[in-house]
Amino acid sequence: MENCKKYERQYFMPPKFEYDWVKKDYVDAPPIWCSVDLRDGNQALVEPMVVEEKVEMFNLLVKLGFKEIEVGFPAASQIEYDFLRTLVDRKLIPDDVEVQVLVQCREHLIKRTFEALQGIKKAIVHIYNSTSTLQRDVVFHKDMDEIRDIAIVGTKMVQRYAAECDTKIRLEYSPESFTGTELDFALDICTAVQETWGATKENPIIINLPSTVEMNTPNVYADQIEWMNTHFKNRESIILSVHPHNDRGEGVAATELALLAGADRVEGTLFGNGERTGNVDIVTLAMNMVSMGVEPGLDFSHIMDIRKKYEQYTGMRVYERSPYAGDLVFTAFSGSHQDAISKGMDWWEKGRSGGKWTVPYLPIDPMDVGREYESDVIRINSQSGKGGVSYILKQNFGISIPDKMKEEVGYLVKGVSDRKHKELTPSVVYQIFEDNYIGQTDVFSVPECHFKQEDGIWATVTIQQGKEKRIVETGGNGRLDAVSNALKMYFGISYELAVYEEHAISKGSSSKAASYVGVLCKDKMYWGVGLDEDIIKASISALVAAVNKLAKDTNVKEGREERIVDILNFIQNHYTDVSLDELAENFNLSKPYLSKYIKEKSGMTFQNAVKKARMKKAKVLLRESNQNVETIAASVGYENVEHFNRLFKKEYLMTPLQYRNAKNQEE
């Protein structure tokens with residue numbers, strides 16, 4: 001920009017650099033906090049607060065823990081005067097709180113200020129005058145000696161009135177526009193005020209060094225503060241205060257570095273309210289200390305309530321990205337960030353961090369300022385991923401979906417947000433999840449299941465399609481496996497029951513359970529979820545939902561004839577030694593007709609149907625038992641283990657041992 005040539009640096013560097021502050025890496029103790037919300041903050045409002053609003057703000061500041069509160073400029077307007085008198089008359093000033101009043105170095109204003117202070121036990125009288133070269137030359141047309149005299153005369157007037165009143169007075173002096181003042185002159189005028197007041201260790205003066213207009217980088221401010229700090233006479237008689245503004249957007253950084261450089265006290269406002277771009281934000285300063293493990297001495301544990309009151313009293317709005325209090329400051333939309341937060345929260349909740357907060361992307365625990373994990377941390381839009389969606393389901397609804405399911409659910413929800421071009425609330429996320437995984441009965445339902453234990457688990461399964469019901473009886477390795485076998489048998493479909501997980505619901509009723517089933521068919525996983533107080537019913541519901549999705553996707557619309565189901569069921573239950581002769585006799589059919597019928601209705605020969613039943617059982621034993629391959633081969637009907645190995649490898653493209661090892665590695 002060509003216009004940059006009209007600007008020049010207006011600050012002054014120290015004659016000599018100390019640079020001790022750069023050796024410190026964080027603020028290790030809280031400063032004395034002074035709120036100037038009722039003065040600097042109030043004078044910056046489009047509509048300044050009325051007396052009752054100021055009373056409410058004062059009470060809030062006291063509750064937050066401020067021990068020094070600048071209440072205004074009582075000599076400047078009647079409402080400022082009335083407000084201070086209201087605090088006195090209503091006895092609202094606690095014994096451990098000092099009110100601070102601002103006044104120019106002019107006698108009639110100082111007199112009026114002391115009238116407003118009548119009846120107050122202790123107070124800080126804050127005088128100031130501008131000292132910068134710009135103000136001296138352009139505004140006041142005075143030289144250094146004349147500017148110094150204003151400060152000295154003002155100090156003497158405060159001294160005189162203080163001697164005549166019952167209020168214990170402390171003096172604060174500010175060389176206004178300090179950062180634009182030659183440092184040796186700033187030191188000279190502050191020392192003159194210090195000596196005129198007669199400051200001692202027991203009765204110290206507050207020397208306040210404001211960046212009235214922020215005009216330099218934070219490190220320069222720290223250099224200026226450090227030089228003043230090390231060159232004051234009788235340093236123990238001075239409380240060194242800073243009053244940073246935020247014109248360059250660096251107020252917080254400048255304050256933190258000033259504290260490293262030797263400042264004892266900070267004047268600022270809640271959420272950085274103040275003229276132009278505002279004063280330094282004390283909320284951010286204090287919470288930054290908390291994030292470093294330092295107790296700040298102020299209580300922002302209910303930050304949203306504080307924000308609400310602040311906005312009500314001032315008419316200002318806390319921006320969405322304002323640290324700690326903004327609507328979005330703890331929120332992650334990015335999929336990778338959500339995944340990291342989700343894993344970090346799990347790590348924290350399981351107590352693996354040694355009691356220290358170590359959640360990625362969250363510098364503090366949102367709950368420490370009264371924020372909610374459910375609504376403030378992870379929110380869902382088109383940028384979100386599997387970790388965020390999983391976190392929302394778990395945190396809000398107690399649904400802990402299996403790791404292998406997370407990616408599919410994440411893409412599903414993300415796709416909805418993408419198409420709608422909007423953020424999805426937790427309730428909408430759950431609705432999407434429910435619509436796609438819970439209670440699917442598009443093709444069939446299972447209204448009834450009964451089990452008995454007899455050489456394994458036997459299930460009598462009622463399968464309903466429309467108004468028609470069929471009962472299928474099958475055995476299995478467990479209840480779910482038995483029901484799964486009934487569905488396979490009835491529909492003539494083939495899949496692997498690949499994933500099963502269950503857990504108690506952590507939200508709402510503690511007795512409710514969630515079950516998750518993943519069935520694998522031709523390298524595609526179909527998921528179903530069941531919720532019920534009975535874990536068996538929940539698991540069956542999950543299986544039914546998953547198989548319904550598979551059936552719909554593969555265009556399976558109805559079950560097979562009852563006779564072929566019964567025949568295949570017989571083979572399934574007698575696979576070790578069943579013969580075609582026995583089967584034909586059992587169903588009163590000729591062998592040629594039976595062979596042709598099985599082939600026509602199932603797509604398999606009798607021999608293949610037997611082999612399929614044997615291999616299925618062999619896979620279960622390889623996965624779930626410690627039996628050797630020879631024993632397993634014999635138990636499923638193969639006396640020759642080498643023959644069994646060849647058949648298994650031909651069917652699954654790996655040997656039985658390779659299959660067992662692969663499954664063990666997966667687990």
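The values are calculated or read from the model by the stated rules, or taken from the named source; none is laboratory data. Treat the numbers as computed from the prediction; the structure is a model and nothing was measured. When we count neighbours, we look across all protein chains shown, and the Cβ atoms used for this are built from the backbone with ideal geometry, even at glycine. Ligands, DNA and RNA are stripped out before the accessible areas are found, and what is left, the full protein with its side chains, is counted by its heavy atoms. Shrake-Rupley method; radii C 1.70, N 1.55, O 1.52, S 1.80 Å.
Annotations for the structure displayed:
- Sorting 560-570, 176-186 by their mean Cβ neighbour count within 10 Å, with the most densely packed peptide first, gives 176-186, 560-570.
- Straight-line reach from Lys537: taking Cα to Cα under 18 Å and skipping same-chain neighbours fewer than 8 places apart, the lysines in range are Lys452, Lys512.
- Largest-first principal axis extents, alpha carbons of the range 118-231, Å: 42, 30, 22
- Computed over protein heavy atoms with a 1.4 Å probe, the accessible surface of the chain works out to 48 Å² per residue.
- Rounded to the nearest 0.05, the FRET efficiency derived from the C-beta distance between Lys649 and Glu434 at R0 = 51 Å is 0.75.
- Shape category assigned to the range 610-659 from the gyration tensor of Cα positions, a/c cut at 1.5: rounded
- Most simply put, the range 148-298 has about 10% antiparallel DSSP beta bridges, counting only bridges with both residues inside it.
- Estimated FRET transfer efficiency when R0 is 45 angstrom, pair Thr230-Glu423 (beta carbons, to 0.05): 0.25
- Proximal lysines relative to Lys350, as straight alpha-carbon distance under 16 Å, when same-chain residues fewer than 8 apart are discounted: Lys394
- Assuming charge only on the beta carbon of Lys and Arg (+1) and of Asp and Glu (-1), the dipole of the range 118-266 about its Cα centre is about 640 debye to the nearest 20.
- Our summary of shape: the Cα atoms of the range 2-128 have principal axis extents of 52, 39, 30 Å, ordered from largest down, in whole angstrom.
- Heavy-atom surface analysis with a 1.4 Å probe gives the range 574-667 a carbon and sulfur content of 47 percent of its accessible area.
- When the P(r) is computed for the chain, the part past 32 Å accounts for 64% of the Cα-Cα pairs.
- With the gyration tensor restricted to C-alpha atoms of the range 367-460, the semi-axes of the equivalent ellipsoid amount to 34, 17, 12 Å, longest first.
- Carbon + sulfur, % of accessible area of the range 77-215 - ligands and nucleic acids excluded, 1.4 Å: 50 percent
- In sequence order, calculated HN-Hα J values of the range 319-325 (Karplus, 6.51, -1.76, 1.60; Hz; x Gly/Pro): 5, 4, 9, 5, x, 6, 10
- Estimated distance in nm for a label pair at Gln10 and Ser635, the labels positioned 7 Å out from Cα along Cα-to-Cβ: 8.9 nm
- Beta bridge orientation in the chain: antiparallel %, DSSP, nearest 5: 45 percent
- With Cα atoms, 0 to 90° folded angle of helix 479-491 axis to the chain main axis: 60 degrees
- Under-5 Å amide H pairs with Glu98, H placed in peptide plane, nonlocal only: Glu68, Ile69
- For Ile457, nonlocal amide neighbours, meaning residues 5 or more places apart or on other chains whose placed amide H falls under 5 Å from its own, are Gly476, Gly478.
- Top positive-direction residue, dipole computed over the chain with Cβ charges, set Met228, Ala618, Ser427: Ala618
- Distance-filtered residues of the range 252-269 - backbone nitrogen under 15 Å, label point 7 angstrom along Tyr26 Cα→Cβ: 256-257, 260
- Of all lysines in the structure, the ones whose alpha carbon falls short of 22 Å from that of Lys233, not counting any fewer than 8 places away in one chain, are Lys16, Lys156, Lys201.
- Here the dipole of the chain is about 2680 debye; that uses its Cα centre as origin and unit charges on the Cβ of Lys and Arg (positive) and Asp and Glu (negative).
- Computed from label points 7 Å out along Cα-Cβ, the spacing between Arg317 and Met367 is 3.2 nm.
- Around the amide H of Ser130, modelled in the peptide plane, lie the amide H atoms of Glu176, all under 5 Å away and 5 or more residues distant in sequence or on another chain.
- Restraint check, Lys404/Lys619; Lys406/Lys522; Lys404/Lys599; Lys467/Lys611, Cα-Cα greater than 26 Å: Lys404/Lys599; Lys467/Lys611
- Computed from label points 7 Å out along Cα-Cβ, the spacing between Ser590 and Asp305 is 9.0 nm.
- Accessible surface of the range 294-399 [probe 1.4 Å, protein heavy atoms]: carbon and sulfur percent: 50 percent
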